[in-house]
Every structure is written in structure tokens, then in C-alpha cells.
Amino acid sequence: MPTIHFEVTSALPPARVLNALIDFSDQRPIVWPNIDHAHFRVHGQGPDWADVTEGNALAWERNRYEWNAAAGEVAVRALESDAWAPGSRWQYKLLPTPTGGTRIEVPAVRTPRTLRGRLIAISLPIFGRRVLKSDLERVLERLGRGPSTP
């Protein structure tokens with residue numbers, strides 16, 4: 001069961017980062033380019049949760065997002081996927097920096113369910129941390145250059 005952990009620091013304030021993580025509007029595949037429109041669907045949503053399918057040609061998953069805005073936490077748990085076992089998960093912990101930005105801590109536990117998942121999982125310890133960190137940095141950088149809402 002591959003586990004990766006990475007941290008990203010952004011000049012964006014925690015509320016802005018949180019809004020980007022929990023925005024499930026039709027803008028999500030634009031804000032997060034590793035999600036394609038064909039794999040994006042919101043099944044249900046409430047004030048502190050969302051049930052969402054998202055992904056791309058590599059893999060898709062239906063996730064349960066739950067968040068606590070006051071604590072600066074977003075938990076993502078896989079419900080079903082073409083690659084990952086139910087219970088595979090991510091967590092985002094948003095910590096304010098002294099300069100008004102955000103340090104984001106991200107642990108991810110990925111349990112492969114299929115051959116595709118096992119093949120992806122083999123590369124996670126080698127490339128996953130770097131790729132996922134870079135993807136998040138690019139999203140936050142773009143948001144910092146854009147308008148005040150994701």
C-alpha cells in the first residue's frame with residue numbers, strides 16, 4: 001500500500017486554497033487540469049461534504065470529500081475506482097504561514113485494486129511525490145495569477 005507525503009507552500013491564504021479544493025462547480029476540470037470533463041460528475045453535495053467522480057484517461061475514482069473549514073482540513077476517501085481500492089485516501093492540512101500564505105501538508109495512501117492500480121502504485125514512491133507536488137504547485141500558482149475566485 002503506497003503512502004506518499006509532500007508539502008507545498010503557497011502565497012495564497014488558507015481560505016483561498018480551501019475554496020479551490022472544495023469547488024465542485026463546472027470549473028473544477030479547468031482549475032485542476034488532471035481532471036478531465038469526461039470523468040467529472042458531482043453525485044451529491046452538502047455544506048461540508050461532496051460525492052464526486054473525477055479522473056482522467058490514466059485512472060478515475062469516485063471520492064467522498066469531507067472538510068472542516070475551521071480546522072483547515074480536507075479528507076478525500078475513494079468509494080470506487082478503476083485502479084484504487086475503496087478506502088484509498090488523501091488529506092490536505094492547510095496551515096497559515098506568517099506571511100499570510102498557506103503551507104499544505106498532503107499525505108496520500110493508495111491501495112491498488114486492479115492491475116492498472118498496481119502498475120501506477122509501483123511508480124508512486126519513485127515519481128508520485130514529485131508529480132503530485134508539482135501538479136498542486138502549478139494549480140496554486142495559476143490561481144494566484146487569476147481572479148479572486150477559482
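The values are calculated or read from the model by the stated rules, or taken from the named source; none is laboratory data. What you see is a predicted model; the values in this text were computed from it and never measured. So basically every Cβ, Gly included, is an ideal-geometry build from the backbone, and we count neighbours across all protein chains shown. To get the accessible areas, we keep the full protein, side chains included, count just its heavy atoms, and leave off ligands, DNA and RNA. Shrake-Rupley method; radii C 1.70, N 1.55, O 1.52, S 1.80 Å.
Taking 0.36 nm per residue of sequence separation and subtracting the Cα-Cα distance, how much length would be gained by fully extending the chain between residue 59 and residue 5, in nm to one decimal? Residue separation times 0.36 nm, minus the Cα-Cα distance, leaves 17.4 nm. Our helix-only sum for the chain, with -39,500 (n - 2.57) per DSSP H run of n ≥ 4 divided by its residues, gives a mean residue ellipticity at 222 nm of -7500 deg cm²/dmol. Carbon and sulfur: what percent of the chain's accessible surface (1.4 Å probe)? The value for the chain is 56 percent carbon and sulfur by accessible area. Here each label is just a point 7 Å from Cα along the line to Cβ, and for residue 93 and residue 137 those points are 2.1 nm apart.
Here the Karplus relation 6.51 cos²θ - 1.76 cosθ + 1.60, evaluated at θ = phi - 60°, turns the backbone of the stretch 60-75 into coupling constants of 10, 8, 9, 10, 9, 8, 9, 9, 10, 4, 5, 8, x, 10, 10, 10 Hz, with x for every Gly and Pro.
When Rg and Dmax of the Cα atoms in Å is calculated directly from the model, which label among (i) 18.5, 62; (ii) 14.7, 45; (iii) 15.7, 55 fits? Recomputing Rg and Dmax of the Cα atoms in Å here picks out (ii). Kindly identify the stretch 44-120 as rounded, prolate or oblate by the Cα gyration tensor criterion: order the square roots of the eigenvalues as a ≥ b ≥ c, call it rounded if a/c is under 1.5, otherwise compare a/b with b/c, prolate if a/b is larger, else oblate. It is prolate, given that a/c is not under 1.5 and a/b is the larger ratio.
Averaged over residues, the count of other Cβ atoms within 10 Å places the peptides 33-40, 16-23 in the sequence 16-23, 33-40, highest first. With protein chains left intact and a 1.4 Å probe, residues in the chain average 53 Å² of accessible area per residue.
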